[in-house]
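The structure under discussion appears below in the form of structure tokens.
A short reminder: the numbers here are calculations on the coordinates, not readings from a lab. Model, not experiment: these values are computed from the prediction. Every residue, glycine among them, receives a Cβ derived from its backbone with ideal geometry; neighbour counts consider all protein chains shown.
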Amino acid sequence: MSMFAFEPNPDPVPAEERARQLIDPGFGRVFTDHMAIAQYDEGTGWHDAKITTRQALTMDPASSVLHYAQEIFEGLKAYPRPNGGAALFRPDANARRFNASARRMAMPDLPEELFLESVRALVRADIGWMPQREDGALYLRPFMFASEVFLGVKPAARYLYIVMASAVGSYFKGAPSVSLWVTREYTRAGPGGTGAAKCGGNYATSLIAQAEAIRNGCDQVVFLDAVERRWVEELGGMNIFFVFEDGSLATPPLGGTILAGITRDSIITLARDMGLQVREEPYAIEQWHADAESGRLTEAFACGTAAVVTAIGSVKGAEGEFAIGGQSVGPVTQRIREKLVAIQRGTAPDPHQWVEEIA
Ligand code: PLP
Ligand code: COI
């Protein structure tokens, strides 16, 4: 028996309209017919878990999330499988990270099994929304926010947990590589802050820096550490890897100011499986510039659930601009991307038991 009662949508999007929306869904605009929802009340705990019609929420203007931003989220995908079904990739890691974020934001734990069941039940209900494209997936967005009607500054006593599903294609369209802007003015996270939590506030603070990147003709912003303004940390919504001439890789270490990406962790394992050396170590922006120019650094890529593995072609900042490799997708980036995607989509074996087939 599922923990989630099922209330089917009585008025789902007609099949023809759905098919039209699935041709080129883009990212985060096409939503399915259902959502998972559960409520938390202090004293009672989690209750009223159900899969129901995706619909607007009614909120009191004093709902505390609207004032003090107690909100966290996750992002994971259900991938289409060769047999026509769907599979999740390391959803247990998302469940654990959700609770790590919850603790940082003084929010209640969500039992891991409730997280996993919510995601599985929603994918089963909306499997008909899976885009049948090479880059297609159902992007799942679990989130939790403070719904208590109270203006005092304290952890709320009521929360809503919701999972939506969005039919998606690629996050980046077109170009084989992205260009980065190094912001000097803004930082994303400081020691003791919320950088390692997946809370909405982190994304709110990144937007002005992302706008600065666009103004300077770049696709994405890359943040440096807040203390020395020197060490490369991550992008607004992706982790970063560097590839060197000797075939080794490096990625910034997890130290509380960057998000512990599940793609990042998987790539470290896969690269080591491929016999490549991977270092988790700080890398300074001026070293990156020097290494790209000397040829010691041959490739760089961004990675995440939405971005998958995306080559970085050039980097621009106040003190100049440099190109990476041939501004195309380098061979190591390509091999790692193919290896990861093949496991996620079931066209290669899954040696680490990362994949959970669900429908
Ligand atoms: N860093 C940030 C700030 C992110 O928002 C994301 C996306 O979720 C990542 C890194 C990559 O994490 P994951 O690989 O778990 O999707
Ligand atoms: C993800 O990859 O899931 C992200 O969170 C990145 C962005 C869409 C916020």
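Backbone geometry of region 38-51 corresponds, through the Karplus equation with coefficients 6.51, -1.76 and 1.60 at θ = phi - 60°, to 3J(HN,Hα) couplings of 8, 10, 10, 10, 4, x, 8, x, 6, 7, 6, 7, 8, 9 Hz, x marking Gly and Pro.
A straight Cα-to-Cα reach below 18 Å connects K154 with the aspartates and glutamates D41, E42, D60, E71, D109, residues fewer than 8 places away in its own chain not being considered. According to the Cα-based calculation, Rg over Rh for region 5-168 is 0.99, with Rh computed by the Kirkwood formula.
Taking every DSSP helix (H) stretch of at least 4 residues in the chain, weighting each as -39,500 (n - 2.57) and dividing the sum by the residue count yields a mean residue ellipticity at 222 nm of -8000 deg cm²/dmol.
Hull volume per residue, based on the alpha-carbon atoms of region 5-54 and their convex hull, is 80 Å³.
Divided by 2.2 N^0.38 Å, where N counts the residues, the Cα radius of gyration of region 40-90 comes to 1.71.
Across the options G247, A300, V355, the greatest Cα extent toward the positive end of the charge dipole of the chain (unit charges at beta carbon of Lys, Arg, Asp, Glu) belongs to V355.
Could you give the Stokes-Einstein D for region 112-160 in µm² per second, using the C-alpha Kirkwood radius, 20 °C, 1.002 mPa s?
For the chosen part, D equals 158 µm²/s.
Over the Cα atoms of the chain, the radius of gyration divided by the Kirkwood radius equals 0.97; this is the Rg/Rh ratio. Placing dummy labels 7 Å off each Cα toward the beta-carbon, the span from F27 to D273 is 2.4 nm. Positive-end ranking of T52, G261, G326 along the dipole of the chain, with charges on Cβ about the Cα centre, is headed by T52.
Radius of gyration (Cα atoms) of region 283-359, expressed as a multiple of 2.2 N^0.38 Å: 1.39. Within the straight-line cut-off of under 23 Å between alpha carbons, the lysines reachable from K339 are K77, K173, sequence neighbours fewer than 8 places apart in one chain being disregarded. Scaled against the 2.2 N^0.38 Å expected of a compact globular protein of N residues, the Cα radius of gyration of region 148-229 reads 1.44. Once you've got the GNM for the chain with C-alpha springs shorter than 10 Å, pick whichever of A156, A204, A271 has the biggest mean-square fluctuation. Greatest mean-square fluctuation among the candidates belongs to A204.
Based on the Cβ-Cβ distance of V153 and E319, what FRET efficiency does E = 1/(1 + (r/R0)^6) give at R0 = 41 Å, to the nearest 0.05? Step by step, r from the Cβ atoms, then E = 0.50.
Considering just Cα atoms, how many Å³ per residue does the convex hull of region 240-322 enclose? Please list the in-between numbers first.
On the way: hull volume 8.2 nm³, N = 83.
Spelled out: Cα convex hull of region 240-322, divided by residues, is 99 Å³.
Computed over region 178-344, the percent of Cα pairs more than 27 Å apart is 18.
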